[in-house]
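Visitor: Here it is, the structure in full.
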Amino acid sequence: MLVLSQGAKKALELLHNSGYEAYVVGGSVRDMLMGTKAHDFDITTSATPSQMKKVFDGYYTVDTGIKHGTITFVYEKEPIEITTYRIDGDYKDSRHPERVEFTTNLSNDLSRRDFTINALVYNDSEGIIDLFGGQNDIKNKTIKAIGDPKKRFEEDALRILRGVRFASQLGFEIEENTKNAMKECAHLLHNISCERINIELSKFLLGKNVKKALLENYEIIGEIIPQIKEMHGFEQNNKYHIYDVLTHTAVAIENIEPILHLRLSMLLHDSGKPKTYSIDENGQGHFYGHARVSTEIAEAFLNKYRYDNQTKEKVITLVKIHDTPIELDRVFIKKRMNRIGKDLFFDLLKVKRADNLAQNPEFFWLDKLDKFVTIAKEIIEEDCFTLSSLDIRGSDLIAIGFKGKEIGNTLNLLLNEVIEEKLPNKKEALIERAKKLI
């Protein structure tokens, strides 16, 4: 018996007691069968929307998409999305059916879904109902479309991206016919909203098997980021590298923690390399200016796909400076942390580590990166590198005669001298120095 949430149990109980069929469906069933905790429970039922409204009379519900048969039942603050069995009409925009017809036949409803592993249904009285071999595909770690895969993807092109996302998250292989149809229909992704692509691509990047999924499905991801196709097979011809640009990128992504702005940074950090390639008289490949071009590509991509401003700012900064040399020097590190912030400085070290781990092992410098982390942590504990930690305030400068813009300018000058260790971060010393500057 699978373990359902209290909200899912209550919804099933109310529907069954009113004489309707009802099952938990989709990802939650798949996850529970895989031994993973399910978070969102969706229910499919033979009850129509008007019948559901009567069943849940007295409970809090939201008409989430009632024209398409969906309401949300909220039980003890837990939202449960419940949808009537339905048959979809023709799809005209590679995403939404022109019409929806309600049905009382479970098989009709399940046959319109994307993959066999997502078409399993369950309730406590009947157990698992598996009409398309989803349990076997879970056992064999296979992603397989229901029915004609090409038709499934022509109906809703977002399913293509969901397929590669599942490959990344679950570590499953995409069945050959399904994969071929995904690649054949990949151009239809251009009909999908940027916001939906953002959601699926972000989940794809955070998957534990993202390296393999990216390398095996680069043509599909390349419909979203064209540079990915250019990076595939692009040899670097450089002693520091043992991989082509895309493989280097995939290895780097896998070697950084699954935090969205970090994974996006690794995805995009070398996207400008194919456009900046040159070769010297010794046959060595170079990519002068690739960070600048990669930054332009990153900014255009992040804007197009509606990433939030905080994510954009972090990714653009990290891509821009990912290849900038850093010095194992306290003053240098303090200046860099002052310029970009301590959190982003530590992110930069993570980016450099992931980048290095995707290069030729003969040129690893991980020990040095560890020293950077150690020094940076010491600086945070012991040193001043921000105005907020400077032992003097604007009010102190006003008291000795400073006015207007010269207050801020002087504070920054004092901070710079403290960072460069020319001046101690002591109020008396800072005031004395300020008096000489007035």
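Visitor: Determine which member of the set 198, 217 is surrounded by 22 or more Cβ atoms within 10 Å (Cβ to Cβ) and over 16 Å from residue 113 (Cα atoms).
Guide: 217
Visitor: Where in region 299-403 are the helices (runs of 4 or more DSSP H), entirely inside, with at least 2 residues that are loosely packed, with under 14 Cβ neighbours inside 10 Å and of a type outside the set (Phe, Trp, Tyr)?
Guide: The helices (runs of 4 or more DSSP H) meeting that bar are 309-321, 366-382, 394-399.
Visitor: Quick one: is residue 192 of a type in the set (A, V, I, L, M, F, W, C) and farther than 24 Å from residue 273 by Cβ?
Guide: yes
Visitor: With the structure loaded, tell me whether residue 314 is of a type in the set (Lys, Arg), in contact with a helix residue (DSSP H, G or I) (Cβ under 9 Å, 6 or more places away or on another chain), in contact (Cβ under 8 Å) with a residue 12 or more places away in the chain and under 28 Å from residue 215 (Cα atoms) or whether it fails that test.
Guide: So residue 314 fits the description; yes.
Visitor: What are the residues in region 134-153 that are within 21 Å of residue 87 (Cβ to Cβ), of a type outside the set (A, V, I, L, M) and surrounded by 13 or more Cβ atoms within 10 Å (Cβ to Cβ), if any?
Guide: Within region 134-153, the subset within 21 Å of residue 87 (Cβ to Cβ) is 134, 145-153.
Filter again for of a type outside the set (A, V, I, L, M), leaving 134, 147-153.
134, 149, 150, 151, 152, 153 - these are the residues of region 134-153 that are within 21 Å of residue 87 (Cβ to Cβ), of a type outside the set (A, V, I, L, M) and surrounded by 13 or more Cβ atoms within 10 Å (Cβ to Cβ).
Visitor: Between a first residue in region 416-432 that is under 18 Å from residue 394 (Cβ atoms) and a second residue that is basic (Lys, Arg), which pairs have beta carbons less than 8 Å apart while being 6 or more apart in sequence or on different chains?
Guide: Filtered contacts from region 416-432: 417/433; 423/433.
Visitor: Regarding region 287-309, can at least one residue be identified that is in contact with a strand residue (DSSP E or B) (Cβ under 8 Å, 6 or more places away or on another chain), at pLDDT 95 or above and not assigned by TED's automatic domain parsing to the domain that holds residue 196?
Guide: The answer is yes; a qualifying residue exists.
Visitor: So, residue 267, is that one buried (at least 21 other Cβ atoms within 10 Å of the Cβ), within 21 Å of residue 306 (Cα to Cα), under 11 Å from the mean Cα position of the chain (by Cα) and at pLDDT 95 or above or not?
Guide: The answer is yes for residue 267.
The values are calculated or read from the model by the stated rules, or taken from the named source; none is laboratory data. This structure is a prediction, so every number in the text was calculated from the model and none was measured. Glycine gets a Cβ as well: all are built from the backbone with ideal geometry, and neighbour counts include every protein chain shown.
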